[in-house]
Structures are given as C-alpha cells and as structure tokens.
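Since the structure comes first, as structure tokens, the remarks are kept for the end.
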Amino acid sequence: MTSNLKERLMPIAGKLREFEEHFNRSLGGHAGLIGEMAAHILDAPGKRIRPAMYLLSSGACPGGRDIEATPVYAAVAIELIHTATLLHDDVNDGARERRGRPAAGQLWGNLAAVLMGDHLFAKAFRILVDGGDQRVLETVSEASERVAVGELLQVQETRNFEVTEQDYLRIIGNKTASLFSAACEAGALTNGNDAERERFRDFGEFVGLGFQIADDLLDYLGDVAQTGKPSGTDLKSGNITLPLIYALQNAGDDGRHRVMEAVAQPAVNGFGEVVEFVRVNGGFDYARRRAAEYRKKALDLLSGLSESSYRLALEEVVNHSVDRQA
C-alpha cells in the first residue's frame, strides 16, 4: 500500500482498527487445527481493500449516518468470504505460497484448507444474520453466489485457448468484482442511503474488474518479493487471462501454436518465452488500456458526489488498484 493511499485512509483509520478487532475476534476462540489455521491467516493480513472500500463508500454517501456510527460487521463478513476464496483458490491452483508464506494446503493438506474455507463462509453468514439488515444479507449472498459461479467458469475454461475476452470478463466479474461491488453497495446501505446503492454497486464492480486485470498483469510481470507468490501461477494452473487472450488473437500461427503447446502442459516450461510472446503481440499494453478504462468508469461514477475526504480516498483506492505493483 502506497504512503499516499495510507494518508488518504486516515479518515477511516479508527474504523479500520475497529474492523481488525472484530475480524480477529471472529477467527478466535478455537483450539486445535482451526486455531492453528486461524493464527496462520491472522499472521499475514491482506491489504484490507474491501473493508476500506466499504467504510469509504459509507462515508462518501450523501447524508446518512456519521462514519463513526457505521457498523463494521458487513466488512468483517466480506473479508471472511474473501479469505475463504483465497484458501479455495490455492487448492484449485496447487499454490505453494500465499503472501510470501506457505499456503495453508501445504501446511495442513488440501482437505483441511477447503474445510477451513467452508468454516469461514459459514461464519460470515452467521455474522450477517446477526447484523439484522436483510438488504445487506441479500447483497453479500448474491456476491457469494457469483464468486462460486466465477470459480466454476474458470475451471470450465482451463487451458481453453479459444476463450474470449467476454468470457474472461464474465469470470473475473463473478470471481473478483462481485465482492468489491458488494462491499461498496453494503457501505451505502449501512449508511442508510438506498438511493445511492446502485451507483456504489457499479462503482465497486468497475474497480474490481480493473483490480483483477492489474493482478493478472502482475502474474506475468510482478516481483515475487512484492506479490508474495511466484510469477506464472495462472499459466501453470491453465488460467488463460486477458494479456494472453489478446496476444493469441493477434499472433501469427507459428508463434501461437508454439505458445499453446507450452501452456498446455501442466508444468509450464519456457515462461520467459511466453512473456515475450505476450509482450510482442501487444497483450500487456492492451490489458493496461482495459484496466485504465475501468478506472475511468469508476472515477466517473464518483464525480457526481460532493467532494469529501472519503471520496478523495476512494479515488486513491481506484488508482492504487489499477496502478499497483503488488
């Protein structure tokens, strides 16, 4: 997280600390395997972008309650669901690392990792039910269903070299953008502003799409010391993402067939060759342009709001999500 973004988040610093306290409590109280796995999760917290977007969306909404009165339970539930998807993703991808440390499946086995993810999903919905806002429950429930659809679509398209950009956008919209969208819509709802829920739902969707395209670029170009996972993870899992989709569509037959043969293997050899193929055929530049387009769509939605520290922070989150190096 950049220093500029940290400064922008100062208006919600106290609420983020409150979120962390609730999140830690939600994972606590267990002994044995669950306690060990919970400690492993808490030892390497993520960037908390979704909770931040939830709180900032609540604060940026016209009218409504003061940010200090905004309940954090929905942010806790959404982050638990996000954490659960990471556990499941690492099993699906055969990942060895997450955030620079061994993935849970490497330490306790894939079965335990999947069951821990299921545990977090169940806990998230209990928190939402206890929160008592039916609208928020429906919003996050729909997003969770979309996440599962996105995961299944990704499995369906594994090593499918005919996958289109539209197919890809459907996958990442469901798998990633859904929780960004739910976080922002829930922020508007807990603020008490139903009239703005659609604006914030769409805003979160655009940010999530830009975020995932940037993440897929990092899989090719990122530094493992910054990203916390080895480069080429998507390729090794057979996930054909936007940079490669575009390059395959614009390459000559010889280069296309050679790269397809390399990626078709369970263990991708010649990763550097694939990176060069994508670069030469414009895949990286195209993906950057598409991420920038989603950034603009998100920022355009914010332009209709009154200027505030919360809106400015949301703008910084958008820029960080698209421009980030890790």
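The values are calculated or read from the model by the stated rules, or taken from the named source; none is laboratory data. Bear in mind that the values here come from a model prediction, so they are computed numbers and not experimental data. Please note: Cβ atoms are built from the backbone with ideal geometry, for glycine as well, and neighbour counts cover all protein chains shown. Ligands, DNA and RNA are stripped out before the accessible areas are found, and what is left, the full protein with its side chains, is counted by its heavy atoms. Shrake-Rupley method; radii C 1.70, N 1.55, O 1.52, S 1.80 Å.
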With Cα coordinates, the longest principal axis of the chain makes an angle with the long axis of helix 309-323, in degrees rounded to 10, of 10 degrees
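Once a ≥ b ≥ c are taken as the square roots of the eigenvalues of the Cα gyration tensor of the stretch 103-183, is the result rounded (a/c under 1.5), prolate (a/b larger than b/c) or oblate (a/b not larger than b/c)?
The shape class here is oblate.
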For the chain, the accessible surface attributable to carbon and sulfur atoms (probe 1.4 angstrom, ligands and nucleic acids excluded) amounts in percent to 49 percent
Placing each pseudo-label 7 Å from Cα in the direction of the beta carbon, Val155 and Arg65 end up separated by a distance in nanometres of 3.9 nm
Distance in Å, no decimals, from the C-alpha centre of the stretch 159-209 to the one of the stretch 11-49 is 24 Å
Quick shape check on the chain: root eigenvalues a ≥ b ≥ c of the Cα gyration tensor, a/c under 1.5 is rounded, otherwise prolate if a/b tops b/c, else oblate, and it reads oblate
Taking every other residue with Cβ under 10 Å from the Cβ of Tyr73 and scoring Lys and Arg +1, Asp and Glu -1, one gets -2
Residue separation between Glu273 and Asp133 times 0.36 nm, minus their alpha-carbon distance, gives in nm 45.2 nm
Out of Ala39, Leu120, Ser58 - ranked by how far each Cα lies towards the positive end of the dipole of the chain, with unit charges on the beta-carbon of charged residues - the top one is Ala39
Under a Gaussian network model of the chain whose springs join Cα atoms within less than 10 Å, the largest fluctuation of Leu87, Leu169, Leu107 belongs to Leu107
Expected max-MSF residue from Gly59, Gly94, Gly132 in the GNM of the chain (alpha carbon, under 10 Å) is Gly132
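So, with +1 on the Cβ of K and R and -1 on the Cβ of D and E, and no other charges, what is the size of the charge dipole of the stretch 106-202 about its Cα centre, to the nearest 20 debye? Walk me through the numbers on the way to the answer.
Details: 10 positive and 16 negative charges, 55 e Å.
For this selection, approximately 260 debye.
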GNM of the chain, Cα pairs under 10 angstrom: of Val275, Val129, Val114, the biggest fluctuation goes to Val129
If each part is reduced to its alpha-carbon centroid, the stretch 228-252 and the stretch 56-76 end up apart, in Å, by 38 Å
The helix 32-43 Cα axis meets the longest alpha-carbon principal axis of the chain at an angle in degrees, between 0 and 90 and rounded to 10, of 90 degrees
Tilt, helix 271-280 to longest principal axis of the chain (alpha-carbon atoms), in degrees rounded to tens, equals 80 degrees
Rounded to whole Å, √(5λ) for the Cα gyration tensor eigenvalues of the stretch 1-128, largest first, gives 29, 16, 12
Residues whose built amide H sits under 5 Å from the amide H of Arg98, excluding neighbours closer than 5 in sequence, are Ala103
Quick calc, the stretch 119-278, dipole around Cα centre from Cβ unit charges on Lys, Arg (+) and Asp, Glu (-), nearest 20 debye, gives 380 debye
Per-residue accessible area, 1.4 Å probe, largest first, puts Arg311, Arg146 in the order Arg146, Arg311
Expected unfolding gain across Gln265-Lys296 under the 0.36 nm per residue rule, minus the alpha-carbon gap, is 7.4 nm
Extension length gain for Ala44 and Asp194 (0.36 nm per residue less Cα distance), in nm, is 50.5 nm
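Select from the stretch 274-320 those GluC sites (Glu not before Pro) which occupy a DSSP coil region and have at most 14 other Cβ atoms within 10 Å, ordered by residue number.
Working: sites: Glu276, Glu293, Glu307, Glu315, Glu316; in loops: Glu307.
Qualifying residues, ordered by number: Glu307.
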